[in-house]
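Participant: Below is a structure I'd like to ask you about.
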Amino acid sequence: MKSDILQTVFLTFIAILIFSCSKKNTLSVLEIPDPDELDDVLNYFVDEDFYPFIYARIEDADGNLIYEHSAVNDRLLPNTTIDGDTWIRIWSMSKIVTISVALDLVEDGVIKLDDPVSKYIPEFQNLNVAVSNEGNSLAEYDWGNRDQACPIQLVPNDSIMTVLHLINHEAGFYYATTGYPCLDSLIAAQNLPTAKNSDELIDRMSKLPLIQHSGTDYFYGTNTTVLGLVAERATGKDLSQLVEDRVTNPLKIAGLQYRIPTNAKLLPKFTGRDSILREANNGELDIFGPDVPDYELDHPLYLGGEGMVATADGYADFVRMLLKRGELNGYRFLEKETVEDIYAPHTQLDNPYGYNGYNLWISGDTMRVMNQGEAGLWIGGGYECTYFWADPKRNFVGIVMSQNNEVRPPGYELNDKFRGTLYKQLWESEKK
């Protein structure tokens, strides 16, 4: 009898403990007080013809779905369903994936951050630097008067380009949208995405001058594309295989890859450059010049800075890996210290809105002042209005997907409005 009583007390204690733990786990999941208000923000930007569609997704660090909403413009995409499994061109959201692969190679001793790029790509040994006809650095020209830097002249690069320069966008590579007409026309003429493979891409890029001496400043461009080429040359594997072997397969991420999956079809390209949202004509997405990546299975060219496709669900998994400091689904991809270095201050340290880690923007206090979020968020995005952020304080990730280039004003306020609306709710809830 006594043993039965003791057993009952013990089982009751265990039940209370389990209930307490499960209740704690439930409370640890982010709760959004008014999801309808977030829906209204997304619906507005679609209903007013700023975007062809918007799909937003919020997950906690363990992958629990906290919020999702899809708004689709019926005029442009009739009878179309967009959800967390829809394949999207993610453009520059490829960069942090390539950087993570490179850092994994650094951990394994395959490459080093201070390695010269020419160690792996000797074709870049003698790249020249473009300067103005007077010999001035192109960095001295403001956006509005960059045409005055033309015609350019070429001078030798006065420093050794390193792998770290590529990661930090300090190597000197650029897109065809610099605002220097004489430079943009040169890169457009090379039409980089149409190179048949990595070797031909290297050959075309070797004919272009750098926009600055390596290591002198931050200039956003195809630096991460070259980083992917370094990874390929260092391992003897193409970047698609490296991502599979080192990221998606061991981390069990479905929904992040190069090339269009079998039987999948990418959404059309849209633009609002005429103040009317419409399908884009060939050449209107001119980041490389006349052509953009084709994502076809039979084209073995893998652009580390621009070339991936993803689902919102799949990309959220990758960001959750960063949020969990390098680990996901029981597999450690990067060491904790490496991930901490990704979001540590590296460039744009005098920017009032935050700073840049390894191609990961870290927001500053200005975001709270403007009611758009708060300091310490990890942020990134892509050319056709794809966007992500991670909140390391509350342990959740946010994904906002669309496919549009040159959104007419005030359409670019989408992410700030959506994020700001969310954080206003969170702040009020946390006060209570």
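Participant: Identify the single condition in (1) more than 27 Å from LEU127 (Cα to Cα); (2) under 18 Å from the mean Cα position of the chain (by Cα) that LEU239 does not satisfy, given that it satisfies every other one.
Facilitator: Going through (1) more than 27 Å from LEU127 (Cα to Cα); (2) under 18 Å from the mean Cα position of the chain (by Cα) one by one, LEU239 breaks only (1).
Participant: Condition first: out of contact with any helix residue (DSSP H, G or I) (no Cβ under 7 Å at 6 or more places or on another chain) and of a type in the set (Asp, Glu). Now tell me which residues in segment 328-355 satisfy that.
Facilitator: Hits for segment 328-355 are GLU337, GLU340, ASP341, ASP350.
Participant: Looking only at segment 311-323, decide whether some residue is free of Cβ contacts under 8 Å to residues at least 40 places away in the same chain, closer than 23 Å to ARG57 by Cα and not hydrophobic (A, V, I, L, M, F, W, C).
Facilitator: no
Participant: Would you confirm whether any residue within segment 389-409 is in a loop (DSSP other than H, G, I, E, B), more than 25 Å from ASP62 (Cα to Cα), free of Cβ contacts under 8 Å to residues at least 60 places away in the same chain and not assigned by TED's automatic domain parsing to the domain that holds GLU170?
Facilitator: yes
Participant: Another question, if that's okay. If I ask for residues that are within 25 Å of the chain's Cα centre (by Cα) and under 21 Å from GLN148 (Cα atoms), which ones from segment 178-205 would you list?
Facilitator: THR178, GLY179, ASP184, ILE187, ALA188
Rundown of residues vs (1) in the same structural domain as ASN415 (by TED's automatic domain parsing); (2) at pLDDT 95 or above; (3) not aliphatic (A, V, I, L, M), yes/no style:
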position: LYS23; (1), (2), (3): no, no, yes
position: ASP40; (1), (2), (3): yes, yes, yes
position: ASP62; (1), (2), (3): yes, yes, yes
position: ALA71; (1), (2), (3): yes, yes, no
position: LEU76; (1), (2), (3): yes, yes, no
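Participant: A follow-up question, please. Filtering segment 135-147 down to residues that are under 22 Å from THR177 (Cβ atoms) and in contact (Cβ under 8 Å) with a residue 12 or more places away in the chain, which residue is surrounded by the most Cβ atoms within 10 Å (Cβ to Cβ)?
Facilitator: LEU138
Participant: Okay, next question. For segment 149-167, check the following and say yes or no: at least one residue is touching a Pro at 6+ places or on another chain (Cβ under 8 Å), free of Cβ contacts under 8 Å to residues at least 60 places away in the same chain, surrounded by 14 or more Cβ atoms within 10 Å (Cβ to Cβ) and over 30 Å from THR338 (Cβ atoms).
Facilitator: Among the residues of segment 149-167, at least one is touching a Pro at 6+ places or on another chain (Cβ under 8 Å), free of Cβ contacts under 8 Å to residues at least 60 places away in the same chain, surrounded by 14 or more Cβ atoms within 10 Å (Cβ to Cβ) and over 30 Å from THR338 (Cβ atoms), which makes the answer yes.
Participant: Let me ask another. Tell me, which residue of segment 48-72 that is surrounded by fewer than 21 Cβ atoms within 10 Å (Cβ to Cβ) and assigned to a loop (DSSP other than H, G, I, E, B) is farthest from the chain's Cα centre (by Cα)?
Facilitator: Across segment 48-72, the extreme among qualifying residues is GLU48.
The values are calculated or read from the model by the stated rules, or taken from the named source; none is laboratory data. Given the structure is predicted, the values throughout are model-derived calculations rather than measurements. Here Cβ is always computed from backbone atoms with ideal geometry, including for glycine, and neighbour counts include all displayed protein chains.
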